[in-house]
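Written out below as structure tokens is the structure these notes cover.
What follows draws every value from the coordinates through simple rules; no lab data is involved. Being a predicted model, the structure only gives us computed values, none of them experimental. Because the Cβ atoms are built from the backbone with ideal geometry, glycine has one as well, and the counts that use them run over all protein chains shown.
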Amino acid sequence: MTDTALPRRRAARGPFAGLAAIVTGGSSGIGYAIATTLRTRGAQVAVLDLDPAAAPPGTLALPVDVADDASVRAAVAAAVDGLGRIDILVNNAGIGAQGTVADNDDDTWRRVLDLNVLGVVRTTRAALPHLRRSPAAAIVNLGSIAATAGLPQRALYSASKGAVLALTRAMAADHLADGIRVNCVNPGTVDTPWVARLLAQADDADAERAALEARQPHGRLVTAAEVADAVAYLAGPNAGSTTGIALAVDGGMQNLRPRR
Ligand SMILES: NC(=O)c1ccc[n+]([C@@H]2O[C@H](COP(=O)([O-])OP(=O)(O)OC[C@H]3O[C@@H](n4cnc5c(N)ncnc54)[C@H](O)[C@@H]3O)[C@@H](O)[C@H]2O)c1
């Protein structure tokens with residue numbers, strides 16, 4: 001839905017009943033799965049995306065460009081208007097970048113850092129006054145295995161996700177006293193439209209997919225639903241003692257060295 005009216009719902013049930021969430025980038029891939037999971041578990045969900053028309057059914061779909069502060073402020077205000085509150089913020093919107101440190105010009109570095117890092121800053125800044133009023137406030141940021149392992153041809157993307165990891169911990173410390181938990185999820189390679197676009201650019205898409213699968217010790221790509229489950233755990237009331245952590249959802253890619 002692209003308007004700002006939520007469909008009438010019967011009284012919601014589930015661990016998120018009575019809570020409201022914002023998911024940025026919720027119209028595709030991981031964000032779509034997160035928005036769907038939170039809604040299924042009882043939350044009212046606003047999806048803030050460049051492409052609100054593709055947001056999951058039953059969510060409040062709002063246009064935003066997280067690279068633009070005025071747009072973020074307007075979208076967060078509209079989410080509060082529509083949902084009446086914000087308890088959970090999932091900073092998921094992000095873009096990729098390829099190449100070594102020498103391969104991207106300054107404008108590309110600024111654009112990716114502006115979206116992947118300052119996007120988190122802008123949305124959090126706008127949502128904070130509302131999160132402070134919640135009895136169950138949580139922020140979950142989307143990091144990446146690229147923040148914790150050196151991957152080839154990912155210098156700029158890794159720098160952006162490394163910043164998200166450091167920012168997650170700093171925010172967790174700053175907002176402990178506000179009762180806001182802040183964590184991040186670090187996925188490995190996830191089967192989303194993003195990865196499909198990367199594979200489509202490869203000379204041999206099947207060989208590239210096989211290489212990505214083999215890189216993860218469990219031998220396959222992560223699913224968006226698996227990442228959404230991890231986000232829902234960290235965002236939910238049962239994780240009340242968990243803040244400042246990075247939860248890897250990567251088939252063991254970060255920590256395991258299995259024998260082949
Ligand atoms: N797919 C992976 O393998 C993978 C792995 C680790 C981390 N991640 C992270 O997960 C997040 C989502 O990735 P995905 O694979 O689902 O991507 P995706 O490309 O499938 O979806 C991204 C969504 O973000 C939206 N978006 C892009 N720029 C935006 C902007 N400026 N303002 C608002 N919305 C914007 C897009 O419209 C889209 O709906 C990203 O932060 C990404 O870095 C992805």
Go through the range 21-60 and report how many residues are assigned to a strand (DSSP E or B) and under 16 Å from the mean Cα position of the chain (by Cα). 9
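If a residue has to be among the basic types (Lys, Arg) and surrounded by 20 or more Cβ atoms within 10 Å (Cβ to Cβ) to count, how many in the range 208-254 make the cut?
Of all residues in the range 208-254, those among the basic types (Lys, Arg) come to 209, 215, 220.
Remaining after also requiring surrounded by 20 or more Cβ atoms within 10 Å (Cβ to Cβ): none.
Adding up the residues that qualify gives 0.
Would you please name the residue that is nearest to the ligand (Cβ to nearest atom), looking only at residues in the range 224-247 that are more than 17 Å from Gly14 (Cα to Cα) and over 14 Å from the mean Cα position of the chain (by Cα)? So that I can check it myself, show each step before the final result.
Let us first name the residues in the range 224-247 that are more than 17 Å from Gly14 (Cα to Cα), namely 224-227, 241-247.
Remaining after also requiring over 14 Å from the mean Cα position of the chain (by Cα): 241-245.
Details: Ser241: 25, Thr242: 20, Thr243: 20, Gly244: 19, Ile245: 16 Å.
So the residue we want is Ile245.
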Scan (1) surrounded by fewer than 20 Cβ atoms within 10 Å (Cβ to Cβ); (2) closer than 24 Å to Pro187 by Cβ; (3) in contact with a helix residue (DSSP H, G or I) (Cβ under 8 Å, 6 or more places away or on another chain) for the single condition Ala170 breaks and write down its number. (3)
Please go through the range 182-203 and pick out each residue that is near the ligand (Cβ under 7 Å from one of its atoms) and aliphatic (A, V, I, L, M). Val190, Val195
Sort out which residues of the range 173-193 are acidic (Asp, Glu) and crowded, with 16+ Cβ neighbours inside 10 Å, and write them in order of number. Asp191
Of the residues in the range 88-98 that are assigned to a loop (DSSP other than H, G, I, E, B) and hydrophobic (A, V, I, L, M, F, W, C), the one that is surrounded by the fewest Cβ atoms within 10 Å (Cβ to Cβ) is Ile95
Over the range 36-51, the set of residues within 10 Å of the ligand (Cβ to nearest atom) and closer than 17 Å to Arg85 by Cβ is Val47, Leu48
Among Ala127, Ala97, the single one that is among the small types (Gly, Ala, Ser), within 16 Å of the ligand (Cβ to nearest atom) and within 14 Å of Met171 (Cβ to Cβ) is Ala127
Could you please let me know if Val66 is under 16 Å from the mean Cα position of the chain (by Cα) and either in contact (Cβ under 8 Å) with a residue 12 or more places away in the chain or not in a loop (DSSP other than H, G, I, E, B) (or both)? yes
Has the range 101-119 got at least one residue that is more than 30 Å from Ala17 (Cβ to Cβ), more than 10 Å from the ligand (Cβ to nearest atom) and among the basic types (Lys, Arg)? yes
I'd like to check something: does the range 16-34 contain any residue that is within 22 Å of Asn116 (Cα to Cα), polar (S, T, N, Q) and buried (at least 22 other Cβ atoms within 10 Å of the Cβ)? yes
Just checking, how many residues over the range 126-156 are touching a Lys or Arg at 6+ places or on another chain (Cβ under 8 Å) and of a type outside the set (Gly, Ala, Ser)? 3
Taking the range 204-221 and keeping only residues that are more than 14 Å from the ligand (Cβ to nearest atom) and touching a residue at least 12 places away in the same chain (Cβ under 8 Å), one is left with Pro217, His218, Gly219
